[in-house]
Amino acid sequence: MTAPEITVATPKDREHVITSLVAAFTKDPVLRYLFPEEATYPQYSAAFFGHLFDKRVHKGTIWTIEHGASVAIWEPPAAEDEWPDDNLAAQLPADALARVRAYDEAVHAALPAAPFWYLGVLGTHPDNAGRRWGHAVMKVGLDRAAADGLPAILETSNPDNVEVYRRAGWEMVHAFTEPLPTWVMRQSIR
């Protein structure tokens, strides 16, 4: 089997990346906590993922396969996370924005103070599930973290993902329950 081509996302990939992530996270606990209504989930989650894409695309830390069919959005160390910005606030109702802020505050309180690479989003469009593309795009960020001599951190609210990440070399370092159960995981320098 030929290894998939992994590329750095560009602004031209935005729509495909967002479409893939909206589809990939349809049943994800945190996305459904943030945007619980079936009728508005596509619109609000697209605004959310668009916000994350726009914040990071010019940093060259969004890696994709097929320009968005599988996506890893990484945040480099020491990055300022201005969250949420006016653009996102204008696209979400007050209750959804309050949930985004509450979850973001809980995550940031659980993150280490020392520098690290942060895997903020990892998703593959369901049409491409099972190809291990998520592992492939994740590995690029892990290699970058290792080259910098830094650990990698992620958080997941999906209990099924904890074991998947463990098998990929991640270890749990923290968990919290509010506003919803979430596990913070670390992969040390390889």
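The single condition from (1) out of contact with any helix residue (DSSP H, G or I) (no Cβ under 8 Å at 6 or more places or on another chain); (2) modelled with pLDDT of 95 or more that residue 122 fails is (1).
Evaluation of residue 117 against the conditions (1) at pLDDT 95 or above; (2) within 19 Å of residue 31 (Cβ to Cβ) shows that the sole unmet condition is (2).
Do we have residue 154 as over 16 Å from the mean Cα position of the chain (by Cα) and over 19 Å from residue 69 (Cα atoms) here?
Spelling it out, it is not the case that residue 154 is over 16 Å from the mean Cα position of the chain (by Cα) and over 19 Å from residue 69 (Cα atoms).
So which of 169, 130 is loosely packed, with under 12 Cβ neighbours inside 10 Å and on the phi > 0 side of the Ramachandran plot? Explain how you work it out, then say what you get.
On the way: 169 fails: loosely packed, with under 12 Cβ neighbours inside 10 Å.
Exactly one of 169, 130 is loosely packed, with under 12 Cβ neighbours inside 10 Å and on the phi > 0 side of the Ramachandran plot, namely 130.
Among the residues of segment 132-151, those that are under 9 Å from residue 117 (Cβ atoms) and among the charged types (D, E, K, R) comprise 144, 148. Is it the case that residue 28 is at pLDDT below 95 and on the phi < 0 side of the Ramachandran plot? Here the answer is no, as residue 28 does not meet what is asked.
Could you list, in sequence order, all residues of segment 1-39 that are β-branched (Val, Ile, Thr) and either touching a residue at least 12 places away in the same chain (Cβ under 8 Å) or in contact with a Pro (Cβ under 6 Å, 6 or more places away or on another chain) (or both)? Passing the criteria: 6, 7, 8, 10, 17, 18, 19, 22, 26, 30. Go through segment 157-190 residue by residue and tally those that are small (Gly, Ala, Ser) and either under 25 Å from residue 64 (Cβ atoms) or touching a helix residue (DSSP H, G or I) at 6+ places or on another chain (Cβ under 6 Å) (or both). Qualifying residue count for the region: 3. When residue 37 is tested against the conditions (1) acidic (Asp, Glu); (2) part of a helix (DSSP H, G or I); (3) surrounded by fewer than 17 Cβ atoms within 10 Å (Cβ to Cβ), the lone failure is (2).
The values are calculated or read from the model by the stated rules, or taken from the named source; none is laboratory data. Source: prediction; values computed, not measured. Note that each Cβ is placed from the backbone with ideal geometry, even for glycine, and that neighbours are counted across all protein chains shown.
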